[in-house]
Amino acid sequence: MPIHKRRYSKAFTGQAGRGSRLWLFDLDNTLHDASWRLMKEINRRMTLYIQARLSLDEAQASALRTRYWKRYGATLLGLVAHHGVDAADFLEKTHPIETLDNYFLPNPGLARRLAAVKGERWLITNAPRAYAQEVVKRLGLQHFFHAAIHIDEMRIHGRLRPKPSPLLWARIRQWSRSTQGRLAPHGRERMFVDDSDTNLRSAHRKGLHTVRFKGSQSHARLGWRLGRPFSARRPSFVRHQVNSWSTLVRRIGPPQSL
């Protein structure tokens, strides 16, 4: 099944012309702070799922979850490749939807702050569609994105290829058209905003302009443990590093100014 370009809303917040940027936004720990409670709950559910499926104790299941995440960029890929796990079943049982409010940290005013981001805007997340739509709704961004690509749509040649797969970036380049359906200019800037160095590195290698967002509490704790400001450690594969959306808008000027 090919990757689908999905519109979140018919009411766009602006027209994305031929010369505009294409923005690719991550979801968890980028548009909202999932490190507060939500990611812990997802990891807990993943560990329980692995325990039940593979008959492991908690420590073994947690170690396997972490090992597959580090190796593949997504725990699910390791479970599918080595244990034949059904992807849809795993995603449904590990991402809270009915109880999402128990773990979700609101971000009031986010839609207002992001209104200054001009261009065509896509959501690209390794989270499943149903979960992502609920998070986006709570963030007030239902009308912000022109399209969304969830892990459900990240199948290429019949296999899941989520971030940081190079094949995914190649496919996204093919799909990056304007909202009018015309091919975008050859030199169109594709801005990828994410918190994961693994994802940013792979995107950089494929020619995307990378923006590392470090606004979550997990990033703040990382900087504290290392004893120096997180902003002082911008790697070569990160073009811009910001800790707030107002900084993003202020620092990154009009297209072709980078």
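Within the group Ala132, Ala127, Ala88, Ala81, which residue is out of contact with any Cys (no Cβ under 8 Å at 6 or more places or on another chain), part of a helix (DSSP H, G or I) and within 14 Å of Leu31 (Cβ to Cβ)? One residue alone meets the criteria, Ala132. Whether a residue is more than 22 Å from Pro164 (Cβ to Cβ) and modelled with pLDDT of 95 or more was assessed, and Leu64 does not pass this test.
A single member of Arg138, Arg129 is modelled with pLDDT of 95 or more, surrounded by fewer than 21 Cβ atoms within 10 Å (Cβ to Cβ) and touching an Asp or Glu at 6+ places or on another chain (Cβ under 6 Å), and it is Arg129. Put simply, of Met39, Met46 the only residue that is of a type outside the set (Val, Ile, Thr), assigned to a helix (DSSP H, G or I) and buried (at least 18 other Cβ atoms within 10 Å of the Cβ) is Met46. With respect to being of a type outside the set (Val, Ile, Thr), crowded, with 19+ Cβ neighbours inside 10 Å and modelled with pLDDT of 95 or more, Leu56 falls outside the description. Report whether or not Leu79 is touching a residue at least 60 places away in the same chain (Cβ under 8 Å), hydrophobic (A, V, I, L, M, F, W, C), within 23 Å of Ser202 (Cβ to Cβ) and out of contact with any His (no Cβ under 8 Å at 6 or more places or on another chain). Judged against the criteria, Leu79 is not a match. Number of residues in segment 49-66 that are of a type in the set (Ser, Thr, Tyr) and not in a helix (DSSP H, G or I): the value is 1.
The values are calculated or read from the model by the stated rules, or taken from the named source; none is laboratory data. All figures in this text were calculated on a predicted structure; none of them were measured in a lab. Quick reminder, even Gly has a Cβ in these numbers, built from the backbone with ideal geometry, and neighbours come from all protein chains shown.
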